[in-house]
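One structure is given here, and the rest of the page talks about it.
The values are calculated or read from the model by the stated rules, or taken from the named source; none is laboratory data. Every value quoted in this text rests on a predicted model; they were computed, and no experiment measured them. Neighbour counts run over all protein chains shown; Cβ positions are idealised from the backbone, glycine included.
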Amino acid sequence: MRSVYADLHVHIGRASGRPVKITASRSLTLANLLNETVLRKGLNIVGIVDAGTAPVLAELEKMVDQGQLEIHQRGGFMTAQGVMLLAGCEVETREGVHIIIYLPDLDSLHKYQKFMRSRVKNMELSTQRCKADIRELLNLSHVLGGVFCPAHAFTPHKGFYGMLASSFQSYLGRDASQIHVLELGLSADTDMADTINETRHFTFLSNSDAHSAGNVGREYNLLRLAELNFEEFRLAVYGHEGRRVLANYGMDPLMGKYHRSYCPQCDQIMQGEPPVVECPICGNDKLVMGVYDRIVQIQDHREPYHPVGRPPYRYRVPLTSMPGVGPTTYQKLIQYLGNEIEVMERASFDDIARVAGNNVAALVMQMRAGRIPITPGGGGVYGKIQVHNCNQ
C-alpha cells in the first residue's frame, strides 16, 4: 500500500484550440497541468472534470495516441512522470445541481458523450445544464462503471444541500443509498458536514475546484492505494479492501467565499448567530445564503457526530495566500524544497526558515498544528488570515 495526494476537481480552460470552461484560465491546458502544475504542487492524482466535453476528450485521445498518456488496464490515464489523470465529467442536472461522474477509460467517456448529446445544447463547454435529473445520472454512472459525486454540496450556487434539499433521502428516497461520495466544497469541513445524519454514510472529498493553475491543490486528499489506477481510486472512496481516504486537507471554511450569509443590498457579510436569513440592517430576506448558515438551518445535531473511521480534516491555507510568501519567495521554496505539498506537509521549520524566514516557517508549523485566525468570507469574497493574531 502507498499514500498518495489527490486533487480531484480541476477545470481545463482550453483544449484542442477551443475554450472549455469559460471562467477558467486559458493557460490551464492539459499539457501545462500535467507537465508543470501537478509536479509543482506535488500531486499524485489529478481529476479533470471536463473530460466529457468534445475538446478535452479529443485531446485526451491525441495524447494517448502520441504516447503522452497511457491507459491503465484497471482504468485511469498515466503520465510518463507517474501521475494519474482521473477523468471526470461535471454536469448540471435538470434540478440545477452540479455533480461529477468519474469514469475509467475512453470507451466510458464516449458512452457518456453519446448519452449527453441529445441532452446538452453545447458539448464543447463544461458544466452545462442537461436534460437529465439526479436519478438518471446516478443510473448512468452505474451503467458506465463510474463513481458518482455531488460537487461542492453545500454551496448556495449549484450545491445539492445549498440550493435544493435538506437531504438526499428526502429527495431521492431509496435511490439515495447509491450515493457513497460527497465533495465538501471550499466553505465546509468535516465537523460542519457531520452535523447532518445522512452524511455518516458518505466518504468526504476535499478538492480545489481550480479554474487556474495557482489554485490547483489548494485542497487535496490523502488516499491509501495499492497502486495508481481507477479501480484503486474506487476502492478507496468506497472504503473497501483496506483502501481508504486517510485525510482531507482543506482551506479553513472561514476562508470560503460563501461561508456566511451575505446581503447584496448592504454589501455586508452577516456576523450574527446562524442561520441568518434576513439582513438585520435593511431587512432584506433575499440573502446569498452562507454555507455555515445553511448547514445550521438543516442540521440534525449542533455538534458533529462522526462515524467510526472518519478521516481527520486538516486545515490548510494555500501557500501563496500566506503573509510573507510573494512570487519570489514562493519560487525559492519550490526550487529548494521540491513542491508545495512538501512545504505544507513535510519540510522542517529550519528548511522553510532558511528560504522564507522564521515568520513564514512559524505560520506553516502553526497551520499544521491546528487552525490559524481567519476573518470569515462571504458573498463571493474569500476570508483572510488575521496576520496580527498569528504566531502568538
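Residues in region 294-326 that are at pLDDT 95 or above and in a helix (DSSP H, G or I): ARG294, ILE295, VAL296, GLN297, ILE298. If only residues of region 144-176 that are touching a residue at least 24 places away in the same chain (Cβ under 8 Å) and surrounded by fewer than 16 Cβ atoms within 10 Å (Cβ to Cβ) are counted, the one that is farthest from the chain's Cα centre (by Cα) is ASP175. With respect to the conditions (1) touching a helix residue (DSSP H, G or I) at 6+ places or on another chain (Cβ under 9 Å); (2) outside any loop (DSSP other than H, G, I, E, B), ILE12 lacks only one, and its number is (2).
Scanning region 57-82 for residues that are of a type in the set (A, V, I, L, M, F, W, C) and in contact (Cβ under 8 Å) with a residue 60 or more places away in the chain yields a count of 1.
The listed residues are GLY242, GLY217, and the only one of them that is buried (at least 21 other Cβ atoms within 10 Å of the Cβ) and not in a strand (DSSP E or B) turns out to be GLY217. One residue stands out among those in region 21-46 that are among the β-branched types (Val, Ile, Thr) and modelled with pLDDT under 95: the one that is nearest to the chain's Cα centre (by Cα), which is THR23. The number of residues in region 260-287 being surrounded by 13 or more Cβ atoms within 10 Å (Cβ to Cβ) and within 27 Å of the chain's Cα centre (by Cα) comes to 13. Checking each residue in region 177-229 for being under 11 Å from the mean Cα position of the chain (by Cα) and of a type in the set (Asp, Glu) picks out GLU183, ASP209, GLU219.
Among the residues of region 41-67, the ones that are over 25 Å from HIS98 (Cβ atoms) and surrounded by fewer than 17 Cβ atoms within 10 Å (Cβ to Cβ) come to 6 in all. Residues of region 287-331 that are free of Cβ contacts under 8 Å to residues at least 12 places away in the same chain and farther than 22 Å from ALA188 by Cβ: GLY326, PRO327, THR328, TYR330, GLN331. The condition (being out of contact with any helix residue (DSSP H, G or I) (no Cβ under 9 Å at 6 or more places or on another chain), among the small types (Gly, Ala, Ser) and more than 30 Å from ARG26 (Cα to Cα)) is satisfied by just one residue among ALA236, ALA193: ALA236.
Conditions (1) at pLDDT 95 or above; (2) assigned by TED's automatic domain parsing to the domain that holds HIS9; (3) among the charged types (D, E, K, R), marked per residue:
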{"site": "HIS98", "(1), (2), (3)": "yes, yes, no"}
{"site": "ILE101", "(1), (2), (3)": "yes, yes, no"}
{"site": "HIS110", "(1), (2), (3)": "yes, yes, no"}
{"site": "PHE115", "(1), (2), (3)": "yes, yes, no"}
{"site": "ARG119", "(1), (2), (3)": "yes, yes, yes"}
{"site": "CYS130", "(1), (2), (3)": "yes, yes, no"}
{"site": "GLN169", "(1), (2), (3)": "yes, no, no"}
{"site": "HIS180", "(1), (2), (3)": "yes, no, no"}
{"site": "GLU183", "(1), (2), (3)": "yes, no, yes"}
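With ASP189, ASP194, ASP133, ASP107 as the choices, which residue is farther than 29 Å from VAL288 by Cα and either touching a Phe, Trp or Tyr at 6+ places or on another chain (Cβ under 8 Å) or of a type outside the set (Gly, Ala, Ser) (or both)?
ASP107
If you take just the strands (runs of 3 or more DSSP E) that sit entirely in region 57-152, which of them hold at least 3 residues that are under 18 Å from LEU34 (Cα atoms) and not charged (D, E, K, R)? Step through it out loud before you land on a result.
Working: elements: 69-71, 77-79, 84-92, 98-103, 147-150.
Fully inside region 57-152 and qualifying: 77-79, 84-92.
Of the residues LEU228, LEU235, the single one that is out of contact with any Ser or Thr (no Cβ under 8 Å at 6 or more places or on another chain) and in a loop (DSSP other than H, G, I, E, B) is LEU228. Scanning region 177-206 for residues that are surrounded by 16 or more Cβ atoms within 10 Å (Cβ to Cβ) and in a loop (DSSP other than H, G, I, E, B) yields ILE179, LEU184, GLY185, LEU186, SER187, ALA188, ASP189, ASP194, THR195, ILE196, PHE202, SER206.
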